[in-house]
Structures are given as C-alpha cells and as structure tokens.
Amino acid sequence: AFSSAARAGKPSRIYNPELEPDPNDLILLRDFRRHGTRDMFLLYQPKLDLASGYIQEAEALVRWSHPQLGVVSPGHFIPLLEETGLITQVTYWVIEEAMREIERCRTHGAACCISVNISPRDLMEGYTLVDFIHGQTLPGRPNGLCLEITETGVINDQDHAQEVIAALHAANIRCAVDDFGTGYASLSYLSKFSVDEVKLDRSFISNMLENERHHAIIASTITLAHKLGLKVTAEGVEDVATLQALAEMGCDTAQGYVISRPITEPELHRLMGRRHFDKPLGLPDSQWSG
Ligand code: C2E
Ligand code: MG
Ligand code: MG
Ligand code: MG
C-alpha cells in the first residue's frame, strides 16, 4: 500500500541529491500548485473499429499550454504530478471534459465512447473515483466512458485496486489495460482485474510485420483476450499494411497515425460516427459491414 506520506500528497520518491532537478520541472510544479489545470487542454485520438470501418471512439490526451514553456507533453508533466500526488486533480478534470465531449458527440448524432488515462495513484484514492463519476450532474451518465490503466504503473495494493476496478465495472464504466505487454505482470493483470479491453503497446505493433515473435505475441494475445471476453485495441499503427494485418487477425479497434494523430474537438466532431476509409484497405468485403 502507499505510505501515509504518499497519501498526504508528499513526494513519495527519495530525491537523489546528486541529480540536479530540471528547472522546468520546478516551474511546472509551482504553476500547477498556482493554477491547476487552467492552461491544460485535451486532444482526441480517434479509434477505428476494424470490423465496421467506422470511428466511434476516441482517447483523450492531455496537453499543457504553458505561458512560458509552450505546449508541454504529458510524458513530461504526468510523471511529475504522479510523484507529488497531484495527478488526481488532473484526472478528475479530464474525466469531466471527456464526459462533456461524449454528450456533445451525441448531440451531433454520433454514438461515442471516450477513454481517459488514469494513473495507478487514482485507483488508490479508493471509491472516490466511482463516486466522482457518478456525482457528475451531466446527462448521459457514465456509459461511454472508459478508463485506461497503464500496465507499467506499479499497483502497490492490488487487492484494493481490484475492488475499485470491480466497482467501476459494476457502475458501467469500462476499464482498459494500456500499454499491454510492457509491464511485468501482464497475465496476472488479466486474471486479477475485471477489465474490458486490452491495448497492445506500440512497441509490439510498430514492427509486427517483420518481427515474428511480436506477430506471435499479438496473435495469441488477441485469441486469449477474446476467450476472456475482452476487446483488443492496437496502439500506434502507422501504416496501412499493419492495419490490414491486424484486421485479418481479428483485432477489434486500432489507433495510430495511419488513422489520425490526436486532433482538436471540432476536428473530432467531423470524424466521429463516420466511416473512415471509402473502400477500406482492400480488405475482404466480409470484414466491412454496412
Ligand atoms: P498512451 O495512453 O499510451 O497514449 C498513446 C500515446 O502514443 C500518445 O502520446 C499518442 O499521441 C501517441 N501515439 C498515438 N498514435 C501513435 C503512432 O501511430 N505513432 C507514434 N509514434 N505515437 C503515437 P501522448 O499524447 O504524448 O501521451 C503520452 C502518454 O501520456 C499516454 O500514453 C498516457 O500514458 C499519458 N497521458 C496522456 N494524457 C493523460 C491524462 O490525461 N492522464 C494521465 N494520467 N496520463 C495521460
Ligand atoms: Mg492511453
Ligand atoms: Mg499509457
Ligand atoms: Mg498506450
């Protein structure tokens, strides 16, 4: 379990005095304490349903438009906010924004699911995550929301995490394991946590056509996931040949630059609910209903 210091939001990492702190890190932490999520915004990366060829889902990806430092990527500031226990404030804001976006897509006539990345730290906040989502006064409620939990994130108290994930599941909030295959406990995650989806990490996908081992791992993960009743998403698909191979392997959805980079909300509204490729990818017609 997290120590009480970590729960109280104090740094959980022991700083190595020989490492100079990055001055930008100090600026970011100072300004997060002052302004919270004020200068943050979301981009959305569409997910392509490989069976139908339609875009019905997207992943929310946070950016920080810092007045001094320019647009800062989450790879930089998320770990800082995780270390200092500040991350949950961002998580709640992203969830709120995503739920509003789900409603906006629905008023545009598109059925839509949006996934939000959460940190293992958020699961440790106990049931407040579930309560928070249910306490939203927005119409539509949580169906349509999916939470992505990064597999590499260390979950110290697995029993507790399991309870929170089960509560989310019971509340109709879907959960996905993000970056699947890169952590130390992929299979034990699937056996312990009642998740609904696995997202195969880009490091397997990017060279799957040349790397036989990666190809075999992807094929058997798809089979295993389907046997467990889970959906599979491929992350980081950058070329049509890989997309086509994934569709033929029965992968459910795909994300990546070949479909779209992360885009703004108005751009998402133009894509959401639409078929993405005209005569898609030369796939057999049987793969493309509708
Ligand atoms: P992730 O959840 O695995 O998101 C996928 C990352 O891969 C995104 O980077 C996305 O822009 C990038 N990507 C997507 N398709 C491709 C592709 O075809 N090729 C390549 N090379 N990259 C691709 P991004 O937006 O920089 O996010 C990085 C990570 O930061 C995310 O990884 C996620 O773990 C974390 N993150 C982003 N937003 C949030 C958030 O709101 N909360 C938390 N806790 N973490 C977040
Ligand atoms: Mg993700
Ligand atoms: Mg991730
Ligand atoms: Mg990922």
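The values are calculated or read from the model by the stated rules, or taken from the named source; none is laboratory data. For clarity, every value in this text was computed on a predicted model and none was experimentally measured. No Cβ is skipped: glycine too gets one built from the backbone with ideal geometry, and neighbour counts run over all protein chains shown. These area figures cover heavy atoms from the full protein model, side chains too; ligands, DNA and RNA do not enter into them. Shrake-Rupley method; radii C 1.70, N 1.55, O 1.52, S 1.80 Å.
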Notebook entry, point to check: So which strands (runs of 3 or more DSSP E) are wholly in segment 36-85 and hold at least 1 residues that are closer than 30 Å to D252 by Cα, within 16 Å of ligand 4 (Cβ to nearest atom) and modelled with pLDDT of 95 or more?
Noted result: 40-49, 55-66
Check: Of all residues in segment 30-68, which are over 19 Å from A111 (Cα atoms) and among the charged types (D, E, K, R)?
Finding: R30, D31, R33, R34, R38, D39, R63
Item checked: Residue selected from segment 179-200 under the condition in contact with a Ser or Thr (Cβ under 9 Å, 6 or more places away or on another chain) and modelled with pLDDT under 95, by the criterion farthest from ligand 4 (Cβ to nearest atom) -> Y184
Next item on the list: From A161, A234, A185, A225, grab the single residue that is surrounded by fewer than 16 Cβ atoms within 10 Å (Cβ to Cβ) and not polar (S, T, N, Q).
Entry: A185
Checklist line | Conditions (1) within 10 Å of ligand 1 (Cβ to nearest atom); (2) crowded, with 21+ Cβ neighbours inside 10 Å: number failed by E82 | finding: (2)
Checklist line | Among (1) within 18 Å of I149 (Cα to Cα); (2) modelled with pLDDT of 95 or more; (3) buried (at least 22 other Cβ atoms within 10 Å of the Cβ), the one test that I173 misses | finding: (2)
Notebook entry, point to check: Which residues, counting only those in segment 188-200, are aliphatic (A, V, I, L, M) and open to solvent by 20 Å² or more (accessible area, probe 1.4 Å)?
Noted result: L190
Notebook entry, point to check: Can you name the residue in segment 48-73 that is of a type in the set (A, V, I, L, M) and open to solvent by less than 20 Å² (accessible area, probe 1.4 Å) and, of all such residues, is nearest to ligand 2 (Cβ to nearest atom)?
Noted result: A60
Next item on the list: Please enumerate the residues belonging to segment 183-224 that are within 17 Å of the chain's Cα centre (by Cα) and aliphatic (A, V, I, L, M).
Entry: L190, V195, V198, L200, I205
Next item on the list: Identify the residue in segment 71-108 that is among the polar types (S, T, N, Q) and away from ligand 3 (no atom under 16 Å from the Cβ) and, among all such residues, is nearest to N143 (Cα to Cα).
Entry: T107
Next item on the list: State whether one or more residues within segment 107-119 are buried (at least 21 other Cβ atoms within 10 Å of the Cβ) and either assigned to a helix (DSSP H, G or I) or among the basic types (K, R) (or both).
Entry: no
Notebook entry, point to check: When you look at T128, is it away from ligand 3 (no atom under 16 Å from the Cβ), without any contact (Cβ under 8 Å) to a residue 40 or more places away in the chain, under 29 Å from L28 (Cα atoms) and among the polar types (S, T, N, Q), yes or no?
Noted result: yes
